[in-house]
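The values are calculated or read from the model by the stated rules, or taken from the named source; none is laboratory data. Fair warning: this is a prediction, and the values are worked out from it, not measured in the lab. Counting neighbours? That spans all protein chains shown, and the Cβs are built from the backbone with ideal geometry, glycine included.
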Amino acid sequence: MYLIWEFLILGIIPLEGKFGLKQALSQNLDAIQPLRYYTNIKGIYYIGQFFSFFAITTSFLGVSLGLFDFIADGFKIQKKGIKKILIALITFLPPIVITLINPKLFLVALNYAGGIGGALLLVLLPTIMVYSKRYIKKEKATNQLFGGKPILFVICIFVVFVLFVEIFQEINRIVS
């Protein structure tokens, strides 16, 4: 479904020009508005809203459940009874309060989570975990990643490069 949406948006709507994606962004419009212009389909707006709702909802549920389990495992809290409510409060209360105070802060957080958060959580953290298991705790297991310490070092260098690029882009965006 997501690939179909990407094909529609990126395949039909030009990036620049009148009714392009950049113009829609500068006018604070969603991508459905230019799509409606180029397809001339009246119901496309409702289809886009329907798709957006379910894309956001399923993403929210997936991230929420993952964070819920991450908090429970990280703090070693059993997911039973009143403790389950405590985990839910830790999971949902901070983002709700922050969003109520400053709704636009969510978009800023998404910007950081995408590049910086992704690099840290999805690449650097697993690399550090592998290093810790193999070389600090000396646990014997079947290695799923070849190359030993050198490949772990290369991965860390790659993450540092990605972080540098993301931070540089953010500074450039703030300055300009």
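Pairs meeting the criteria (first residue in the stretch 141-153 and free of Cβ contacts under 8 Å to residues at least 12 places away in the same chain, second residue surrounded by 10 or more Cβ atoms within 10 Å (Cβ to Cβ) and outside any helix (DSSP H, G or I), beta carbons under 7 Å, at least 6 apart or on different chains) are ILE151/LEU145. Tell me, please, whether a residue that is more than 24 Å from the chain's Cα centre (by Cα), at pLDDT 85 or above and not acidic (Asp, Glu) can be found in the stretch 46-54. Yes - at least one qualifying residue is present in the stretch 46-54. Among the conditions (1) at pLDDT 90 or above; (2) basic (Lys, Arg); (3) surrounded by 14 or more Cβ atoms within 10 Å (Cβ to Cβ), ARG36 misses just one, which is (1). The residues of the stretch 66-109 that are within 19 Å of LEU125 (Cβ to Cβ), out of contact with any Lys or Arg (no Cβ under 8 Å at 6 or more places or on another chain) and of a type in the set (A, V, I, L, M), listed by number, are LEU67, ILE71, ALA109. With respect to the conditions (1) without any contact (Cβ under 8 Å) to a residue 12 or more places away in the chain; (2) surrounded by 10 or more Cβ atoms within 10 Å (Cβ to Cβ); (3) not aromatic (Phe, Trp, Tyr), ILE85 lacks only one, and its number is (2). Looking across LEU145, LEU120, LEU89, LEU124, one residue alone is outside any loop (DSSP other than H, G, I, E, B) and more than 22 Å from PHE60 (Cα to Cα). It is LEU124. Considering only residues that are over 16 Å from GLN144 (Cβ atoms) and touching a residue at least 12 places away in the same chain (Cβ under 8 Å), look in the stretch 98-132 and name the one that is surrounded by the fewest Cβ atoms within 10 Å (Cβ to Cβ). Checked the stretch 98-132; the qualifying residue surrounded by the fewest Cβ atoms within 10 Å (Cβ to Cβ) is TYR112.
Can LYS138 be described as more than 18 Å from the chain's Cα centre (by Cα), farther than 30 Å from PHE60 by Cα, outside any helix (DSSP H, G or I) and modelled with pLDDT of 85 or more? Criteria met by LYS138. Scanning the stretch 19-33 for residues that are surrounded by 12 or more Cβ atoms within 10 Å (Cβ to Cβ), in a loop (DSSP other than H, G, I, E, B) and at pLDDT 85 or above yields PHE19, GLY20, LEU29.
Out of LYS79, LYS42, one residue alone is outside any helix (DSSP H, G or I), surrounded by fewer than 11 Cβ atoms within 10 Å (Cβ to Cβ) and either among the basic types (Lys, Arg) or in contact with a helix residue (DSSP H, G or I) (Cβ under 9 Å, 6 or more places away or on another chain) (or both). It is LYS42. With respect to GLY148, determine if the residue is at pLDDT below 95 and on the phi > 0 side of the Ramachandran plot. When the stated conditions are applied, GLY148 passes them. I'm checking my understanding of the structure. Among residues of the stretch 6-18 that are out of contact with any Phe, Trp or Tyr (no Cβ under 6 Å at 6 or more places or on another chain) and part of a helix (DSSP H, G or I), which one is farthest from THR39 (Cα to Cα)? It comes out as GLU6.
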